[in-house]
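Inspection log for the structure reproduced underneath, given as structure tokens.
Just so you know, all these numbers are worked out from the coordinates, no wet-lab data involved. Remember, it's a predicted structure, so these values are computed and weren't measured experimentally. Neighbour counts are summed over all protein chains in view; Cβ atoms, including those assigned to glycine, are modelled from backbone coordinates with ideal geometry.
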Amino acid sequence: MIYVTFLALLLPSVGQADDNFNCITSALIKVESSGNANAVNTTPRGVSHGVMQIQLSTAQDMGFKGKLKDLYKPVINKIYGTKYIQWLLKWHHGDLFAALDSYNRGIDKVAKFPYKGDWKQHKYVGKILEQMETLCPTYYAQILPTK
């Protein structure tokens, strides 16, 4: 299978790239918190906060200097959640599916246990793709794997 990388889709037009990236972040927000600015999720890996369910330490790695309560402000949360997914895209050389998987499971787990199946069937990435299909069907059609 050949995957269209997200970075390749950025090249044609900056405006279109912004729309595509807004699609990704909107889908992440829908899946992560259903848009609930006060969402909190505690797992063995840490506590995630706000609309994009970002951990304080991750936001700090992305340059966040504020207080924990600031991550419950949707605009701030989206800034640092977006910086993180952008960083993951670079880390994974433009592979959107691996970046989304890492957003959920962490880079270490994705590196150790890479997903080999159909991304639409993936427990987490599949949910993001379902949201993207609804929110931005044209972009969704561009990123689907081809044979």
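Angle, helix 96-105 long axis vs. longest principal axis of the chain, Cα atoms, 0 to 90°, nearest 10? Long axis of 96-105 versus the principal axis of the chain: about 30 degrees. Helix 125-135 and the longest principal axis of the Cα set of the chain meet at an angle near 80°.
For the range 6-143, a simple Cβ point-charge model (Lys and Arg +1, Asp and Glu -1, everything else neutral) yields a dipole of about 480 debye relative to the Cα centre. Normalised by the number of residues in the chain, the average gap of Cα pairs under 8 Å and 6 or more apart makes the relative contact order 30 percent. Given 57, 93, 135, which one lies farthest toward the positive end of the charge dipole of the chain, if we put +1 on the Cβ of every Lys and Arg and -1 on the Cβ of every Asp and Glu? Checked the options; the winner is 57. By the gyration tensor of its Cα atoms, with a ≥ b ≥ c the square roots of the eigenvalues, what is the shape of the chain: rounded for a/c under 1.5, prolate for a/b over b/c, or oblate? Here the chain falls in the prolate category.
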